[in-house]
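One structure is given below, encoded as C-alpha cells.
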Amino acid sequence: MTTLGATTINTTNHYLDQYSRAWIRQSAQVAAVLAIVLVAFWYVGLLDFGTLANGVPAILTLAREAMPPDFTNARAWLKPLVDTLAMSIAGTAIAVLLSFPLAFLAARNTSPHTIVFHVARTLLNALRSVPELIMGIIFVAAVGFGALPGVLALGLHSVGMVGKFFAEAIEHVDEAPIEAARAAGATPVQVLFHAVLPQVSSQFADVSVYRWEYNFRASTIMGMVGAGGIGFELMGSLRIMLYQEVSAILLVILIMVTIVDGLSGYLRKKFK
C-alpha cells in the first residue's frame with residue numbers, strides 16, 4: 001500500500017508538473033503575440049490617441065454632410081449594380097474552372113510529381129500575392145474600361161485563394177477509398193473522380209459560394225479603378241464631393257451585400 005501510494009503521488013506530481021510547464025509555455029506564447037500586436041498598434045499610430053481625437057471632428061463633419069442620403073439618381077445605379085453582380089459571378093466561375101485542375105496538381109497526394117507540385121503551388125502563391133486592385137489597374141490599361149478588366153482581375157486573383165483551399169481539402173481526404181480504388185485496378189483519373197472528388201465536392205461548393213460572396217464585395221472596389229460597376233458610380237460621386245449621394249450608394253451596396261450574404265449562406269447549407 002505504501003509503495004502504491006508513493007507511485008500514485010509520483011504520477012500525480014508528474015502530471016501536475018507537465019500541466020504547469022504547458023501552462024507556462026502557453027502563457028509565454030500568448031504574451032509574445034500580445035507584445036507583437038502592441039508593437040504593431042504603436043507602429044501604425046493606433047496608440048496615438050491625440051491624433052485619433054483630432055480626427056473625430058472631421059469624421060463628424062463628413063457624416064453631417066452625407067445626411068440625408070440622396071437617392072435622386074437611384075435609377076441610374078441599376079445597371080452598375082447588375083454589372084457588379086455579373087462581374088462577381090463571372091469572376092468566381094473563372095476562378096473555380098481554373099482552380100479545379102490546379103488544385104489536384106497542387107495537392108501532395110494527387111500531384112503527379114514533386115516538381116509539378118511546387119510549380120502549381122508557386123503559381124497559386126503568385127496569383128494570391130497580387131491584390132485584385134492592382135490586377136484591375138493592369139487589366140484596365142490592357143483592355144480598357146468596363147466590366148471585362150474587373151472580371152479578369154477578380155477571376156485570376158481568386159484562383160490563388162480558391163485553388164489553395166481546394167488543394168488543402170484534397171490533401172485531407174480519407175486514404176481508404178483511394179487505396180480501395182487502386183486495389184480494384186482503377187486508373188489515376190478514375191481514382192480522382194471516384195475516390196477523391198466525392199469526398200471534397202461539398203467543400204469545393206462551399207468555398208466557391210463563399211468566394212462569390214467575397215467577389216461581390218471586391219467588385220465594388222474594382223469599379224474605383226475604372227472596371228465598371230457600382231464602385232465606378234461611388235468614385236464619381238466622391239470626386240465631386242456629393243457626399244449625400246455617396247451615402248445613398250453606400251446604403252445600396254450594404255443592402256446588396258446583405259442579400260448576397262443571405263443567399264450565399266442558404267446555398268452553403270444546401271451543399272452540406
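The values are calculated or read from the model by the stated rules, or taken from the named source; none is laboratory data. On a predicted model such as this, the values are computed, not experimentally measured, just so you know. For neighbour counting, all protein chains shown are included, and Cβ atoms are generated from backbone atoms with ideal geometry for every residue, glycine included. Heads up: the accessible areas ignore ligands, DNA and RNA and are worked out on the full protein's heavy atoms, side chains in. Shrake-Rupley method; radii C 1.70, N 1.55, O 1.52, S 1.80 Å.
A few notes on this one:
- Sequence ranges 208-216, 190-198, ranked by mean other-Cβ count within 10 angstrom, highest first: 208-216, 190-198
- Cut-off 15 Å between beta-carbons: net charge of the residues surrounding I240, Lys and Arg +1, Asp and Glu -1: -3
- Cβ crowding within 10 Å averaged over residues, with 157-164, 45-52 ranked highest first: 157-164, 45-52
- Only DSSP H runs of four or more residues enter the estimate; each adds -39500 (n - 2.57), and after division by the residues of the chain the mean residue ellipticity at 222 nm equals -28000 deg cm²/dmol.
- Across the chain, the relative contact order, built from alpha-carbon pairs under 8 Å that are at least six residues apart, equals 24 percent.
- Portion, in percent, of the accessible area of the range 22-122 that falls on carbon or sulfur, probe 1.4 Å: 75 percent
- Whole-number D in µm² s⁻¹ for the chain, Kirkwood Cα-pair radius fed into Stokes-Einstein, 4 °C, 1.567 mPa s: 56 µm²/s
- Mean Kyte hydropathy of 0.0 or more with a Cα span along the axis of at least 15 Å, helices from DSSP in the chain: 2-44, 49-65, 78-106, 114-129, 132-143, 147-171, 243-271
- Charge tally in the Cβ shell below 10 Å around S219, where Lys, Arg are +1 and Asp, Glu are -1, S219 excluded: -1
- The residues of the chain present an accessible area of 61 Å² per residue when probed at 1.4 Å with all protein chains retained.
- Using a simple spin-label model with pseudo-atoms 7 Å out from Cα toward Cβ, L78 and Q29 lie 5.6 nm apart.
- Ordering of 256-265, 58-67, 93-102, 167-176 by packing [mean C-beta count within 10 Å, highest first]: 93-102, 167-176, 256-265, 58-67
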